[in-house]
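Inspection log for the structure reproduced underneath, given as structure tokens.
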Amino acid sequence: VLTIAKLSAKPNIIFFLVDDLGYMDIGAYNPKTFYKTPNVDRLAATGVKFTNGYAANPVCSPTRYSIMSGKYPSRIGATNYFSGTRSGKFKPAPLTSNMPLSEFTLAEALKNAGYRTAFLGKWHLGPTPKFWPENQGFDINIGGTSYGGPPSFFSPYRNGELKDGPEGEYLPDRLVDETINFIGKNKSKSWMTHLWFYTVHWPMQAPEPLLKKYANRKGPGLNDTRYGAMIEAMDLAIGRLLKALDDMGQSDNTLVIFT
């Protein structure tokens, strides 16, 4: 999903990447979906909705590598999550475990063009801080580390790149708060933020009111309650960020990408 307003030659950019989300789980692609995603659906209704496309890879790290580098994952040997060492019937090919600093990333290109850049959420592109967002073109890194799933979606987060908030604070809400803060501080400049939610990765955790809401609904699958609650919580967080863009007068010059 892509929204294009009346953009200048250097539009602001928000890149939403939602982990492990099925494309049929949002209303824009499946009006009969069990889950409620009105804010994402509004993005699709007011922008460009892509209906014929594929992820570069079915797991997290290779997909992220391809977005940042513009390369097919198989080209650079990134065919499993970092560091994926699953054994099988046959010995696997050598596996990549990081995105080398020699890669020229999307963030580096935009930073060279004068953008302020921020990364928030799931990184999963290297085992040590050497390979994390601050060394791959981002001025700010909030929450991006080596792992794919957070220890907890509620504070205390146990994330070395994210200070704990009040006990019980929900991770998507915190990431949106941090994004709004970044935009507010840089609204007089060109900026790009990658908000790559850990949602809807394991552990399956969501705010209690949404858990109760989905527990009273019927649908297929064992995890409908938690999965549905996590999706709607993500959608609500996105809606809050889009409203903040309007309130700050940033919407008309911001390119919004959701995938």
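The values are calculated or read from the model by the stated rules, or taken from the named source; none is laboratory data. Because the structure is predicted, anything quoted here is derived from the model rather than measured. Cβ coordinates were reconstructed from backbone atoms using ideal geometry, including for glycine residues, and neighbour counts include every protein chain displayed. The area values use the complete protein model at the heavy-atom level, side chains included, leaving out ligands, DNA and RNA. Shrake-Rupley method; radii C 1.70, N 1.55, O 1.52, S 1.80 Å.
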Counting DSSP beta bridges in the chain, what percent are antiparallel, to the nearest 5? 20 percent
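Could you work out the local net charge near Ala206, counting Lys and Arg as +1, Asp and Glu as -1, over the other residues with Cβ closer than 15 Å to its Cβ?
That works out to -3.
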Can you compute the modelled spin-label distance between Thr259 and Lys212, with each label point 7 Å from Cα toward Cβ, in nm? 3.9 nm
Pairs of alpha-carbon atoms within less than 8 angstrom and 6+ residues apart define the contacts here; what relative contact order does the chain have, in percent? 28 percent
Could you give me the ³J(HN,Hα) list for segment 133-146, computed from phi with Karplus coefficients 6.51, -1.76, 1.60 and θ = phi - 60°, whole Hz, x at Gly and Pro? x, 4, 9, 10, x, 9, 5, 10, 10, 10, x, x, 9, 7
Expected output is a single nm value to one decimal: the length gained when fully extending between Ala56 and Met248, i.e. 0.36 nm times separation in residues minus the C-alpha distance. What is it? 65.7 nm
Springs between alpha-carbon pairs under 10 angstrom, Gaussian network model over the chain: which of Glu232, Glu208, Glu134 fluctuates most? Glu208
Show me the ranking of peptides 118-131, 242-255 by mean Cβ neighbours inside 10 Å, starting with the highest. 118-131, 242-255
Whole-angstrom Cα spans of segment 163-211 along principal axes, big to small: 39, 22, 20
Inter-site label distance for Asn135 and Phe104 at 7 Å from Cα along Cβ, in nm: 2.1 nm
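May I ask you to rank Tyr81, Tyr35 by accessible area, largest first, using a 1.4 Å probe over the protein chains only?
Details: Tyr81 65, Tyr35 25 Å².
Output order, biggest surface exposure first: Tyr81, Tyr35.
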Stretch Arg75-Lys189 to full length: gain in nm at 0.36 nm per residue minus the Cα-Cα span? 37.5 nm
Given (i) 21.8; (ii) 14.7; (iii) 12.8 as candidate values of mean projected area of the Cα convex hull in nm², which corresponds to the one derived from the coordinates? (ii)
Calculated from DSSP helices alone, with each H run of at least 4 adding -39500 (n - 2.57) and the total divided by the residues of the chain, [θ]222 nm to the nearest 500 comes to -9000 deg cm²/dmol
